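Below is one structure, written out as structure tokens; the observations come after it.
What follows is calculated from the coordinates using simple rules that are stated; it is not laboratory data. Values in this document were obtained by computation on a predicted structure and should not be read as measured data. So basically every Cβ, Gly included, is an ideal-geometry build from the backbone, and we count neighbours across all protein chains shown.
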Amino acid sequence: MVIDKNNIFVFVVCGSKEHIDTLHFSLKALKKFSKNKIIVLTDSMRNEIPIAHDNVIDIKTPEHFNHHQASIYLKTGINKFLPQGNLYCYLDTDVVALSSRVDDIFSFYIAPISFTSDHCKIDVFSPSAVNCGCKENYDKGKAELDSIYEKFYKINLNGRSVLKDIDSTVLKSKSNKFVYLFHKLQYALPLKYYYLNSKYKFHKKEQSWYTNKGQRLTFPNSAEVVSKIEDLIGFTYDFKKHEWFDREGNSLSVLSCEHLLTYIEKKFAVKISGRNWQHWNGGVFLFDDSSADFLNAWHEKTMLVFQDKEWKTRDQGTLAATVWEFNLQEHPLLPIEYNFLADYNNVAIIYENNLSFNLLKQQRTIKPEFIHIYHNWGDKEWQVWRDVETLVDG
């Protein structure tokens, strides 16, 4: 594409060496692939190490904010600190450029603002945005259920849960397309057992795990077994959904709730219709002068929740509120290739190597232009990180 000098990338960072090191890696990647100007917004008085970049805008942030709050202050107030007359692309510091097509992102801008979708629905994000207690109750319920299984239906080898070892092995097998397909074919064979590896096998009719020497590790979820657990701890099991529920009827498979929606309505008088709305991810967004009203509203809401103990220090809950306030819930989104959320634990995403990913639910393969590594950053045991590092440093 023709490079427009008014198309500018922007990072925001404040505080620890860890975050500035992350910025430096992502800066290196973006400079390798982009021909556009790059600005870094920061409060240099907060930083443990200097920012190695030639275009830094230094903004004094409120002293009573911690570093995390200061970063969000700069991010949501970003339009107040930058020159007007440009089209900007904000990037989280853990968003890494992967190709020379990153500059094409500016061509997808649709006023008044452009974001990508998040990886989950708003009800699943809810416990991460507000202090409703649902996550704590979920963790407590899972621990209680795990404890019962550990006591009655699992064995331990050298102090380590065998079932957790199996879960970890299964997860790793799903991270590589060819290994995953091999296991799927093996499971489809008309045999009594599916052999996971040299240690474990799965009785397909019973739906029970065994050691390869024949020792049963789990009992099938028969009515008798489920009844015993229900009597012991008062949880219930849905045989159709293959899912446990706690005493209040909350699922122990997927953590979700409606509290973010109720907190948004209570605090901002904004009603979000339906807990299944696909909310937006704040890691990448495009904006220009026409975005001011939206950004100002987002910023004001975020500053308000900093003072509210019901809310966690995040910006995506207030982003959702702003989207619905401006009636933008159906607004076109950026292609996910420009903010691909590399979820290490998502079994619906199969890594095909060469920085390509198979999205099983969508039945398509994509090659991201920007990859958002929001956890497992720097994990050298993860093939995705090793390939990103090789591309950027090579």
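Label Lys367 and Lys37 with points 7 Å out from Cα along Cα→Cβ: what is the distance between them in nm?
Output for this residue pair reads 3.1 nm.
In nm, to one decimal, how far is the Lys184 label point from the Phe239 one, both placed 7 Å along Cα→Cβ?
It is 2.9 nm.
At Lys204 and Asp308, where each label point lies 7 Å from the Cα along Cα→Cβ, what is the point-to-point distance in nanometres?
The modelled label-to-label distance comes out at 5.3 nm.
With a Förster radius of 22 Å, plug the Cβ-Cβ distance of Asn55 and His24 into 1/(1 + (r/R0)^6) and report the FRET value to the nearest 0.05.
0.95
Quick one: of Lys135/Lys301; Lys267/Lys309; Lys121/Lys142; Lys172/Lys201; Lys121/Lys361; Lys80/Lys301, which pairs are farther than 19 Å apart, Cα to Cα?
Going by Cα-Cα distance, Lys135/Lys301; Lys121/Lys142 fall outside the 19 Å limit.
Of the residues Asp54, Asp43, Asp92, which exhibits the maximal mean-square fluctuation in a Gaussian network model of the chain defined by a 10 Å Cα contact cut-off?
Most flexible of the set in this elastic network: Asp54.
What's the angle, to the nearest 10 degrees (0 to 90), between helix 316-325's Cα axis and the longest principal axis of the chain?
Once rounded, one gets 70 degrees.
So what is the 222 nm mean residue ellipticity for the chain from helices alone, if each DSSP H run of at least 4 adds -39500 (n - 2.57) and you divide by all residues, rounding to the nearest 500 deg cm²/dmol?
-10500 deg cm²/dmol
Could you list which residues have their amide H under 5 Å from that of Val10, counting only those 5 or more apart in sequence or on another chain, with H placed in the peptide plane?
Distant-sequence amide H within range of Val10: Ile39, Cys89, Tyr90, Leu91.
Only four residue types carry charge here, +1 at the Cβ of Lys and Arg and -1 at the Cβ of Asp and Glu. Report the dipole size of the range 214-355 about the Cα centre in Debye, rounded to the nearest 20.
440
Among Cys120, Cys257, rank each residue by its count of other Cβ atoms within 10 Å, from fewest to most, as a rough exposure measure.
Going from least to most buried by this count: Cys120, Cys257.
Just going by the charge dipole of the range 249-360, with Lys and Arg at +1 and Asp and Glu at -1 on Cβ, which of Ile349, Ala321, Tyr263 is farthest out on the positive end?
Among Ile349, Ala321, Tyr263, the one farthest towards the positive end of the dipole of the range 249-360 is Tyr263.
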